[in-house]
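A short worksheet on the structure shown next.
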Amino acid sequence: MIRINENYLKLKASYLFSDIAKRVSAYQEANPEKPIIRLGIGDVTEPLPQACQKAFHAAIDDQGTREAFHGYGPEQGYAFLRDAIAKNDFKDRGADIDASEIFVSDGAKCDSGNIQEIFGDDIRIAVPDPVYPVYVDTNVMAGRTGNNVEGRYEGFVYLDSTPENGYVPEIPSEKVDLVYLCFPNNPTGATATKEQLKAWVDYAKDCGAIILYDAAYVAFIRDASLPQSIYEIEGARDVAIEFRSFSKNAGFTGTRCAYTVVPKSLKAQDASGKEHCVHALWNRRHCTKFNGVSYPVQKAAEAVYSEEGAAEVKALTDFYLENAKIVKAAMQDLGFDCIGGEDSPYIWINAKRPSWDFFDLLLNEAGVVCTPGAGFGTCGEGHIRISAFNSRSKVVEAMERIKAALA
Ligand code: MLT
């Protein structure tokens, strides 16, 4: 009989958010009369901006005519979108990124999971703890780790994010080849300053490492002193890949559009020490395994950069940030230490008990779904994450229910 990839056997039985979904379904079956409020997975609830809707509709109309019809598009994305991204997200902020270095895709989850394919099997990898599970699981699947021993896979260098370091991991004392960083952070909501990112860029330069920088939540940054892209840091072009998404800023979780920046100056070597252009490798992989995001979706994404679209995105993210403020204030009133929620849609809460216990308590007593911190790594134990993605009335009601449940 055909054999399986046994690395999959090292993984936990199911992905964190599938685990949570199963517990929630079981609760709903047992308590059909009790409506639940979801503040778990970071899935948006508010409709697409009007500007995106209009562009989407117009592009569908294009597809209905012989003259304006689009078949396969460029795998890397249409020039209209890549140009808008390069200008608005990078050049206007002083970051030297060219449109040709942008790869449009259907999600930052897919890209941050797939990117490891272009690197060697025996590279040394540093991952934060707590961490978005995709970075870890995709490397486990690829066979770059040993077994999971007490919540940590053998072979990874874990970068603890704790109250002591303000949830921004310190530079490791050892040399690694690949580092995953995410700011504003999922799950803690922490942000990194320019000085902190500069230290990471310098470290990567020193040890010939590449930083995989996940900036999916950048639209929530309000503190003007914080960097929005790692490419705002001098030298980052030579050491970093950045992932961005239209999911959380413009509500594209169900529409699907994201992009990855792979600068042409980024190099990695083969076993003989010969240098190769990482952009060319990712381009090869992307063109082989991906056929581009649909034309209407890219037109909708382009509208994010119009005057109307930008104003709507600002209003949408302001709305979720106000939710975050309500959640944080309520949890602090209840005596919990919290971080995040200011330049981020996530609030990270010290639950003062095992995280799954608090998850169960909030689900069973308040009908509120959160995300247990332990699902993000051993440093997440004792914490929960509450997401600000829901309607105002549901967020307010969720906090009232939690207050009543804990009274
Ligand atoms: C999360 O809740 O951590 C995110 O929604 C996951 C994702 O964006 O894939």
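Of the residues S391, S355, which is closer than 17 Å to A324 by Cα and among the polar types (S, T, N, Q)?
Working: S355 fails: closer than 17 Å to A324 by Cα.
Just a single option satisfies the conditions, and that option is S391.
Please verify whether K264 is of a type in the set (D, E, K, R), part of a loop (DSSP other than H, G, I, E, B), open to solvent by 40 Å² or more (accessible area, probe 1.4 Å) and more than 16 Å from the ligand (Cβ to nearest atom), treating the condition exactly as stated. So K264 passes the test. Against the list (1) over 23 Å from V201 (Cβ atoms); (2) among the small types (G, A, S); (3) more than 16 Å from the ligand (Cβ to nearest atom), the condition S105 fails is (3).
Can you name every residue in segment 108-146 that is more than 16 Å from the ligand (Cβ to nearest atom) and within 29 Å of E164 (Cβ to Cβ)? Break it down stepwise before answering.
Of the residues in segment 108-146, the ones more than 16 Å from the ligand (Cβ to nearest atom) are 116-126, 139-146.
Hits for segment 108-146 are I123, R124, I125, A126, N139, V140, R144, T145, G146.
This table checks each residue for (1) open to solvent by 30 Å² or more (accessible area, probe 1.4 Å); (2) among the hydroxyl-bearing types (S, T, Y); (3) more than 16 Å from the ligand (Cβ to nearest atom).
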{"residue": "A199", "(1), (2), (3)": "yes, no, yes"}
{"residue": "C207", "(1), (2), (3)": "no, no, yes"}
{"residue": "Y231", "(1), (2), (3)": "no, yes, yes"}
{"residue": "R237", "(1), (2), (3)": "yes, no, yes"}
{"residue": "A240", "(1), (2), (3)": "no, no, yes"}
{"residue": "T260", "(1), (2), (3)": "no, yes, no"}
{"residue": "E275", "(1), (2), (3)": "yes, no, yes"}
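From (1) away from the ligand (no atom under 16 Å from the Cβ); (2) within 22 Å of A209 (Cα to Cα); (3) of a type in the set (A, V, I, L, M, F, W, C), pick out the condition that doesn't hold for L81. Among (1) away from the ligand (no atom under 16 Å from the Cβ); (2) within 22 Å of A209 (Cα to Cα); (3) of a type in the set (A, V, I, L, M, F, W, C), the lone unmet condition for L81 is (2).
Yes/no matrix, rows are residues, columns are (1) over 21 Å from P133 (Cβ atoms); (2) part of a loop (DSSP other than H, G, I, E, B); (3) among the basic types (K, R):
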residue: L159; (1), (2), (3): no, no, no
residue: G166; (1), (2), (3): yes, yes, no
residue: E170; (1), (2), (3): yes, yes, no
residue: K175; (1), (2), (3): yes, yes, yes
residue: P184; (1), (2), (3): no, yes, no
residue: D206; (1), (2), (3): yes, no, no
residue: R222; (1), (2), (3): yes, yes, yes
residue: S225; (1), (2), (3): yes, yes, no
residue: Y259; (1), (2), (3): yes, no, no
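Going residue by residue through segment 21-34, is there one that turns out to be in a helix (DSSP H, G or I), in contact (Cβ under 8 Å) with a residue 60 or more places away in the chain and within 16 Å of the ligand (Cβ to nearest atom)? Looking for residues that are in a helix (DSSP H, G or I), in contact (Cβ under 8 Å) with a residue 60 or more places away in the chain and within 16 Å of the ligand (Cβ to nearest atom), one finds at least one in segment 21-34, hence yes.
Restricting E150, E170 to residues that are on the phi > 0 side of the Ramachandran plot and open to solvent by 40 Å² or more (accessible area, probe 1.4 Å) narrows the list to E150.
When A86, A55, A59 are checked against the criterion of being over 30 Å from L321 (Cα atoms) and more than 16 Å from the ligand (Cβ to nearest atom), a single residue qualifies: A59.
This table checks each residue for (1) among the basic types (K, R); (2) open to solvent by less than 60 Å² (accessible area, probe 1.4 Å); (3) assigned by TED's automatic domain parsing to the domain that holds V313.
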position	(1), (2), (3)
K10	yes, yes, yes
S14	no, yes, yes
A30	no, no, yes
A59	no, yes, no
E75	no, yes, no
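Inspection of segment 68-78 identifies at least one residue that is of a type in the set (D, E, K, R) and either within 30 Å of V136 (Cβ to Cβ) or in contact with a strand residue (DSSP E or B) (Cβ under 9 Å, 6 or more places away or on another chain) (or both). Return the residue satisfying two criteria in turn: it lies in segment 40-51 and is touching a Ser or Thr at 6+ places or on another chain (Cβ under 8 Å) and more than 16 Å from the ligand (Cβ to nearest atom), and of such residues it is nearest to T317 (Cα to Cα). Only one residue tops the list, namely L48.
Quick check on my filter: what residues within segment 1-16 are in a loop (DSSP other than H, G, I, E, B), in contact (Cβ under 8 Å) with a residue 24 or more places away in the chain and among the hydroxyl-bearing types (S, T, Y)? Show your work before the answer.
Start the filter on segment 1-16 by keeping residues that are in a loop (DSSP other than H, G, I, E, B), which leaves 1-5, 11-15.
Cutting the leftovers down to in contact (Cβ under 8 Å) with a residue 24 or more places away in the chain gives us 5, 11-12, 15.
Hit for segment 1-16 is Y15, nothing else.
For I123, state whether it is among the hydrophobic types (A, V, I, L, M, F, W, C), in a loop (DSSP other than H, G, I, E, B) and assigned by TED's automatic domain parsing to the domain that holds Q196. So I123 fits the description; yes. Per this entry, Q298 is not counted among residues that are without any contact (Cβ under 8 Å) to a residue 60 or more places away in the chain, away from the ligand (no atom under 16 Å from the Cβ) and polar (S, T, N, Q). T138 passes every criterion in (1) in contact with an Asp or Glu (Cβ under 9 Å, 6 or more places away or on another chain); (2) part of a helix (DSSP H, G or I); (3) open to solvent by 10 Å² or more (accessible area, probe 1.4 Å); (4) more than 20 Å from G375 (Cα to Cα) apart from (4).
The values are calculated or read from the model by the stated rules, or taken from the named source; none is laboratory data. Just so we're clear, the structure is a prediction, and the values are computed from it rather than from any experiment. Please note: Cβ atoms are built from the backbone with ideal geometry, for glycine as well, and neighbour counts cover all protein chains shown. What goes into the accessible areas is simple: the full protein's heavy atoms, side chains included, and nothing from ligands, DNA or RNA. Shrake-Rupley method; radii C 1.70, N 1.55, O 1.52, S 1.80 Å.
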